[in-house]
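The values are calculated or read from the model by the stated rules, or taken from the named source; none is laboratory data. Quick caveat, the model's predicted, so the values are computed rather than measured. Positions of Cβ are generated from backbone atoms using ideal geometry, with glycine treated the same way; all protein chains shown enter the neighbour counts. Note: areas computed on protein heavy atoms with side chains; ligands, DNA, RNA excluded. Shrake-Rupley method; radii C 1.70, N 1.55, O 1.52, S 1.80 Å.
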Amino acid sequence: MASTSSSTTPAAAEVEERGRKRKRADGAGSTAAGGAEAQPSKWRTRREHEIYSSKLLEAIRLVRAGSSSSSGSGATRGRAVREAADRALAVAARGRTHWSRAILASRRRRFQAVRRARLRAPATPPSRHNAAASAAATGQGSSAPPLAEKARMLGWLVPGCRRLSFPTLLEETTDYIEALQMQVRTMAALAEALSAISANSSSGGAGSSNSSAA
Amino acid sequence: MSGRRGSRISDDEINELISKLQALLPESSRRRSASRSSASKLLKETCSYIKSLHREVDDLSERLSGLMSTMDNDSPQAEIIRSLLR
């Protein structure tokens, strides 16, 4: 891995190393588990990290292009980046989980709601409705009341999982946490790389107002 | 998927899912006897962990949106970024 021997800040190297260590630790486990489940450690592989990195970069480029023409205040740009990152994460899940479908559906629904309000009566998307209804019908009350309350809080936190059965909710949560961890790793690496570049360019070129946030 | 045995989910399945979830939580709060600790405590930890992850993503988004101006001036730098990430 010659490309990862970095001249960047030690923090970036640490993030890379942590990612590599995780992959090595889970690589043995996933080969032992084989094809039992649907790839439990999918979010830990280096390949997924690479795919997400390039998708994230493209998404951020789009945000930049969009905000340069319209009003680009700091807070809205940050939120636009967050939404683009979440959307890219949901796409990476390849539509197999409830939370990823919910993220993509809510985004699309926001567009279509504006459009349909002008054209004709809004049509409710049936797929999410059916999924929630069938999941609720397969059995929900297998947990004691105080547990159910915590489970409900969890359902609020994970997008699109408010009405799932308890076991399904646990599965969704597991996948969602792993995906979030990958998202954090990737965004941190990207931020380190960008700030290293800006530090280099500001020290080498004319003094710009960019300060590298270490 | 979850309707294998009719409408009752066995406790074993739930315990297995819970232990899988526990394996993901940050190791600082994990102990050997934690497998016996209440599931509700585990769920609470999971909630706060997800919230902290959300906060981290928000912070990183802010940071990235501030750094986006770096990409404006230097388009060849984007290629450098891609090669760094690979």
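Worth pointing out:
- Qualifying residue in region A:118-126 (condition: surrounded by fewer than 19 Cβ atoms within 10 Å (Cβ to Cβ), at pLDDT 65 or above and more than 10 Å from every other protein chain (Cβ to nearest Cβ)): yes
- Here A:T76 does not qualify as exposed (fewer than 15 other Cβ atoms within 10 Å of the Cβ), at pLDDT below 55 and in a helix (DSSP H, G or I).
- If the condition is being part of a helix (DSSP H, G or I), modelled with pLDDT under 80 and of a type in the set (K, R), then region B:1-32 contributes only B:R32.
- B:S40 satisfies every condition listed in (1) at the interface with another protein chain (Cβ under 7 Å from one of its Cβ atoms); (2) open to solvent by 60 Å² or more (accessible area, probe 1.4 Å); (3) modelled with pLDDT of 60 or more except (2).
- Among residues of region A:38-50, those that are surrounded by 12 or more Cβ atoms within 10 Å (Cβ to Cβ) and at pLDDT below 75, counted: 3
- Residues in region A:181-192 that are touching a residue at least 24 places away in the same chain (Cβ under 8 Å) and either open to solvent by 10 Å² or more (accessible area, probe 1.4 Å) or facing chain B (nearest Cβ under 7 Å) (or both): A:Q181, A:Q183, A:R185, A:M187, A:A188, A:A189, A:L190, A:E192.
- Pair list, Cβ < 9 Å and 6+ apart or interchain, from region A:93-104 residues that are in contact (Cβ under 8 Å) with a residue 12 or more places away in the chain and at positive phi to residues that are of a type in the set (S, T, N, Q) and assigned to a helix (DSSP H, G or I): none
- Residues satisfying the stated conditions in region A:51-65, i.e. open to solvent by less than 50 Å² (accessible area, probe 1.4 Å), farther than 14 Å from B:L64 by Cβ and not hydroxyl-bearing (S, T, Y): A:I51
Every residue, every condition in (1) more than 30 Å from A:P167 (Cα to Cα); (2) open to solvent by 60 Å² or more (accessible area, probe 1.4 Å); (3) in a loop (DSSP other than H, G, I, E, B); (4) modelled with pLDDT under 85, yes or no:
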position: B:A34; (1), (2), (3), (4): no, no, no, yes
position: B:S52; (1), (2), (3), (4): no, no, no, no
position: B:S69; (1), (2), (3), (4): yes, no, no, yes
position: B:Q77; (1), (2), (3), (4): yes, no, no, yes
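- Members of region A:156-192 that are within 17 Å of B:L17 (Cβ to Cβ), at pLDDT below 90 and aliphatic (A, V, I, L, M): A:L157, A:V158, A:L164, A:L169, A:L170
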